[in-house]
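The values are calculated or read from the model by the stated rules, or taken from the named source; none is laboratory data. The structure displayed is predicted, hence computed values, not measured ones. Every residue, glycine as well, gets a Cβ built from its backbone with ideal geometry; the counts of neighbours run over all protein chains shown. Heavy atoms of the whole protein, side chains included, go into the accessibility calculation; ligands, DNA and RNA do not. Shrake-Rupley method; radii C 1.70, N 1.55, O 1.52, S 1.80 Å.
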Amino acid sequence: MTEDLPRLKEPYSTRGQQREADMLGVYLFLASEIMLFGGLFAVIFVAHYLHPEEFIAASKKMHVAIGAANTMILLTSSALVAIAVKAARAGQTRPVSLCLALAAVLGAAFLGLKAYEYWSEYQEGLLPLPGARTDFTSPGEHLFMNIYLIATSLHALHLTIGIVVLSLFAWLIHSRRVKLPAGATATETAATYWHLVDIIWIFLFPVLYLAR
Amino acid sequence: MTENPPSYLDAGHTIRSWLLTTDHKRIAVLYLISVTFFFLVGGAAAGLVRADLLTPEGDLLTNEGYNRAFTLHGVIMVWFFLIPSIPNVFGNFLIPLMIGARDLAFPRLNLLSWYIYMLGGLFTLIVLLVGGVDTGWTFYTPLSSMFSNGHVVLVAAAVFIVGFSSILTGLNFIVTIHKLRAPGMGWGRMPLFVWSHYATSIILVLATPVLSITLVLIAAERLFGLGIFDPSLGGDPLLFQHLFWFYSHPAVYIMVLPALGVISELVAAAARKPVFGYSFVAGSSIAIAIIGFFVWGHHMFVSGQSMYASAVFSFLSLAVAVPSGIKVYNWTATLYKGNILLDPPFLFAMSFIGLFVVGGLTGLALAMLSIDVHVHDTYFVVAHFHYIMVGGTISAYFGALHFWWPKMFGRMYPLTWGRITAATIFFGFNLTFFPQFILGFLGMPRRYHVYAPEFQTLHVLSSAGSTLLGFAYLLPFVYLGYSLVASKRASANPWGATGLEWTVPSPPPKHNFVEIPTVTGRPYDYPVDKEDSR
Ligand code: HEM
Ligand SMILES: [Cu+2]
């Protein structure tokens with residue numbers, strides 16, 4: 001049975017204690033991530049409150065279809081990751097690495113669509129990159145696009161980290177460098193991070209795309 | 001007597017064994033060295049500021065140079081000394097020992113935090129070399145986002161990086177305190193030092209990310225013209241102040257809560273009595289941490305925020321005084337009829353209590369809307385926060401250093417020198433900062449280096465005091481350094497104090513405890529027999 005659990009590391013006396021500590025650590029890290037994006041959401045709400053009409057007008061120019069497609073993609077990937085955790089606990093190597101790899105691919109698809117969306121917005125003069133040609137109808141719209149750009153690119157950065165982590169785990173588990181179910185806690189940590197990145201998008205999507 | 005395992009200091013002598021260590025005690029020593037270094041750099045900047053203020057014309061520095069000097073002073077002192085000092089040095093060293101654990105929950109993460117701290121520090125030094133910044137440590141927009149010609153983005157990066165180190169340390173402490181307490185150590189048996197670090201860590205984990213995002217926004221605003229704080233683009237400069245103080249008010253409790261924890265330990269050990277009202281002292285740390293999140297608006301009374309917001313923030317600020325007051329009353333009650341030892345740690349604790357009370361009461365005055373409008377952005381505010389941060393936190397830091405030094409390095413230092421230092425710091429401190437209350441009340445604004453000639457006497461007094469203070473801060477280098485090579489060895493428990501850290505040899509072995517202890521009694525079960533090696 002001891003094969004099932006990760007190697008006991010230095011300060012711990014039981015593996016159960018070690019597992020609980022690992023999970024608590026992840027949850028605290030996620031709490032700090034939530035506070036990070038919380039600051040950003042506060043900014044969005046204040047700006048929205050200051051310029052209600054302009055924000056609604058700007059939000060109408062968003063590519064809702066792409067946003068919605070991306071939401072579906074992330075939800076699916078989250079489901080896959082959840083399955084992976086279940087399978088990891090049961091010690092099934094193949095389904096776990098498969099699900100994680102698929103989720104990473106979906107994450108990459110999200111980024112691809114996002115890049116396409118940025119490109120279209122750039123063409124339409126909506127993307128406030130330095131040096132880009134833009135024609136905003138109002139300062140409020142400009143502000144909205146600024147916030148949109150910073151919020152979605154910060155999210156994309158988190159997603160990229162998530163993709164790297166998921167791919168790494170998929171490979172480690174596939175090549176049996178991490179053995180299951182001993183590595184289940186580690187898989188769960190990565191999965192929890194992915195869920196967080198997903199949840200942040202679930203909040204960003206309505207606030208930015210559906211604010212009409 | 002059985003043979004003790006070699007101490008953590010003897011567990012390896014190569015540079016490598018220090019730079020790649022995961023032992024919380026060695027990491028604490030690494031922090032001790034680096035934090036001391038930044039204290040000296042920040043102190044040098046302060047000396048420059050005080051020297052410039054000797055004359056009303058401010059002939060030593062240019063306007064620009066003066067702005068850069070006080071900004072670097074503030075940035076370095078706040079983020080590279082006050083916030084990391086007690087948690088990262090003493091929290092790191094003591095929390096595992098105090099709760100009967102072999103190490104922190106994530107030893108490698110702990111080492112990583114130190115490297116991140118050093119990286120942030122490196123950025124700061126680069127900024128120093130390339131010319132500095134002129135925004136003040138508060139980075140108010142639109143100065144920082146549009147007009148400043150200093151290296152705002154680099155400094156923001158430095159503070160952003162060091163923030164990561166804070167978050168990781170806080171996370172490590174919380175998990176350690178939850179999961180690694182020795183059998184029998186319930187929450188009601190935890191030393192008050194650990195309680196205060198628990199409260200501090202909650203703030204570290206939840207408030208620091210808000211600072212991080214604010215810094216990201218400032219940098220983006222400067223680099224890409226983001227416009228979130230720029231009214232001409234529809235942004236709102238007040239929003240910056242809200243975000244900044246949402247972190248920075250709790251940050252003052254990051255600085256002072258660990259100090260409060262230190263003082264509880266010192267007072268109990270000096271009085272050789274149980275702490276009066278243990279659970280109130282423990283609970284008040286948590287109360288301070290929670291209320292501290294809701295008072296940021298008292299920095300913005302004159303910013304143009306709504307009058308109702310100001311009234312609410314004023315009321316909530318007054319509420320913080322209650323848990324702070326509880327602590328002071330309970331220390332006093334603990335000392336009452338105590339069998340007091342006039343040792344250096346006790347003198348530092350007394351100095352802390354005196355200065356903390358002055359700082360706290362003037363904080364109450366500032367929390368009153370009407371008074372704040374009069375003294376806002378004057379030297380009154382400068383004096384207030386220096387009483388709390390420098391008087392309070394640094395007294396506690398030195399108290400901790402003098403109390404736990406024998407434990408950390410296994411050597412006793414000459415007590416008389418410790419007593420002289422404590423007294424000189426107290427005197428020098430008051431001479432430096434008391435005149436500033438008067439200056440502020442008379443209308444001397446902060447952050448100006450050219451001032452009306454009638455303020456000169458008070459400024460000269462203050463500069464004289466700071467010279468004495470600086471000298472007193474340097475004294476411990478001499479006798480503590482000397483103790484390392486030439487003093488007699490300290491026993492396991494030279495002060496006759498309670499707590500698991502005093503049950504292990506001085507200095508402790510690499511793995512802290514040969515066998516994890518089981519706790520059976522309440523904390524502060526005084527009196528304890530002391531082994532006389534002082
Ligand atoms: C306990 C530790 C404390 C620390 C470390 C601390 C630190 C500070 C600092 C750094 C500032 C300067 C802000 C600036 O740069 O403008 C400040 C200002 C202020 N503090 Fe404190 N403080 C503490 C306690 C308190 C308490 C207990 C209160 C009130 C109950 C208080 C009320 C204020 C107010 C109202 C200001 C704003 C003054 C102004 O900008 O006009 N502080 N404090
Ligand atoms: Cu405050």
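The residue that is nearest to the other protein chains (Cβ to nearest Cβ), among those in the stretch B:357-383 that are open to solvent by less than 30 Å² (accessible area, probe 1.4 Å) and more than 15 Å from ligand 2 (Cβ to nearest atom), is B:Thr378. Of all residue pairs spaced 6 or more apart or on separate chains, those with beta-carbon atoms under 6 Å, a first member in the stretch B:277-298 that is free of Cβ contacts under 8 Å to residues at least 40 places away in the same chain and within 24 Å of B:Ser314 (Cα to Cα) and a second member that is within 14 Å of ligand 1 (Cβ to nearest atom) and open to solvent by 40 Å² or more (accessible area, probe 1.4 Å) are B:Phe294/B:Leu316. Selection of the stretch B:271-296 for residues being in a helix (DSSP H, G or I) and near ligand 1 (Cβ under 9 Å from one of its atoms) yields B:Ile288, B:Gly292. Residues of the stretch B:127-155 that are part of a helix (DSSP H, G or I) and acidic (Asp, Glu): none at all.
For the stretch A:168-178, a tally of residues being surrounded by fewer than 21 Cβ atoms within 10 Å (Cβ to Cβ), out of contact with any Gly (no Cβ under 9 Å at 6 or more places or on another chain) and assigned to a helix (DSSP H, G or I) returns 3. The set of residues in the stretch A:130-184 that are aromatic (Phe, Trp, Tyr), touching a helix residue (DSSP H, G or I) at 6+ places or on another chain (Cβ under 7 Å) and under 16 Å from A:Leu100 (Cβ atoms) contains only A:Phe169. Counting only residues that are within 10 Å of ligand 1 (Cβ to nearest atom) and modelled with pLDDT under 90, which one in the stretch B:297-319 is nearest to B:Leu361 (Cα to Cα)? Filtering the stretch B:297-319 for residues that are within 10 Å of ligand 1 (Cβ to nearest atom) and modelled with pLDDT under 90, the one nearest to B:Leu361 (Cα to Cα) comes out as B:Val302. Every condition in (1) more than 16 Å from ligand 2 (Cβ to nearest atom); (2) away from every other protein chain (no Cβ under 14 Å) is met by B:Asp236 except one, and the failing one is (2). Would the stretch B:217-232 turn up any residue that is within 16 Å of ligand 1 (Cβ to nearest atom) and in contact with a helix residue (DSSP H, G or I) (Cβ under 7 Å, 6 or more places away or on another chain)? Scanning the stretch B:217-232 turns up no residue that is within 16 Å of ligand 1 (Cβ to nearest atom) and in contact with a helix residue (DSSP H, G or I) (Cβ under 7 Å, 6 or more places away or on another chain).
Here the stretch A:137-152 is the region considered, the condition is being among the polar types (S, T, N, Q) and in a helix (DSSP H, G or I), and the residue that is nearest to A:Ala58 (Cα to Cα) is A:Asn146. When each of B:Ile353, B:Ile340 is tested for being outside any helix (DSSP H, G or I), β-branched (Val, Ile, Thr), more than 16 Å from ligand 2 (Cβ to nearest atom) and touching a residue at least 24 places away in the same chain (Cβ under 8 Å), the lone residue that passes is B:Ile340.
From (1) more than 16 Å from ligand 2 (Cβ to nearest atom); (2) under 21 Å from the mean Cα position of the chain (by Cα); (3) of a type outside the set (D, E, K, R), pick out the condition that doesn't hold for B:His386. All conditions pass for B:His386, except number (1). Tallying residues that are touching a helix residue (DSSP H, G or I) at 6+ places or on another chain (Cβ under 7 Å), closer than 25 Å to B:Gly12 by Cβ and more than 14 Å from chain A (Cβ to nearest Cβ) within the stretch B:505-534 yields 4.
Scanning the stretch B:163-201 for residues that are within 23 Å of B:Val267 (Cα to Cα), surrounded by fewer than 23 Cβ atoms within 10 Å (Cβ to Cβ) and of a type outside the set (A, V, I, L, M) gives B:Gly186, B:Trp187, B:Gly188, B:Arg189. Scanning the stretch A:148-166 for residues that are hydrophobic (A, V, I, L, M, F, W, C) and open to solvent by 10 Å² or more (accessible area, probe 1.4 Å) gives A:Leu149, A:Ile150, A:Leu154, A:Ala156, A:Leu157, A:Ile161, A:Ile163, A:Val164, A:Val165.
The criterion of being assigned to a helix (DSSP H, G or I), open to solvent by less than 10 Å² (accessible area, probe 1.4 Å), within 14 Å of chain A (Cβ to nearest Cβ) and of a type outside the set (S, T, N, Q) holds for B:Pro96. Summed over the stretch B:51-86, residues that are within 16 Å of ligand 2 (Cβ to nearest atom) and of a type in the set (Val, Ile, Thr) total 2.
Filtered by the rule that a residue be open to solvent by 80 Å² or more (accessible area, probe 1.4 Å) and either modelled with pLDDT of 95 or more or hydroxyl-bearing (Ser, Thr, Tyr) (or both), the stretch B:455-477 gives B:Thr457, B:Thr467, B:Phe471, B:Leu474.
Scanning the stretch B:456-469 for residues being touching a residue at least 24 places away in the same chain (Cβ under 8 Å) and touching a helix residue (DSSP H, G or I) at 6+ places or on another chain (Cβ under 6 Å) gives a total of 7. Can you spot a residue in the stretch B:289-303 that is away from ligand 2 (no atom under 16 Å from the Cβ), open to solvent by less than 10 Å² (accessible area, probe 1.4 Å) and not aromatic (Phe, Trp, Tyr)? No.
Kindly check whether there is at least one residue in the stretch B:396-410 that is under 19 Å from the mean Cα position of the chain (by Cα), away from every other protein chain (no Cβ under 14 Å) and within 15 Å of ligand 2 (Cβ to nearest atom). Within the stretch B:396-410, not a single residue is under 19 Å from the mean Cα position of the chain (by Cα), away from every other protein chain (no Cβ under 14 Å) and within 15 Å of ligand 2 (Cβ to nearest atom). Looking only at the stretch B:320-336, count how many residues are closer than 16 Å to B:Ile388 by Cβ, surrounded by fewer than 19 Cβ atoms within 10 Å (Cβ to Cβ), of a type in the set (A, V, I, L, M, F, W, C) and within 11 Å of ligand 1 (Cβ to nearest atom). Number satisfying all stated conditions: 1.
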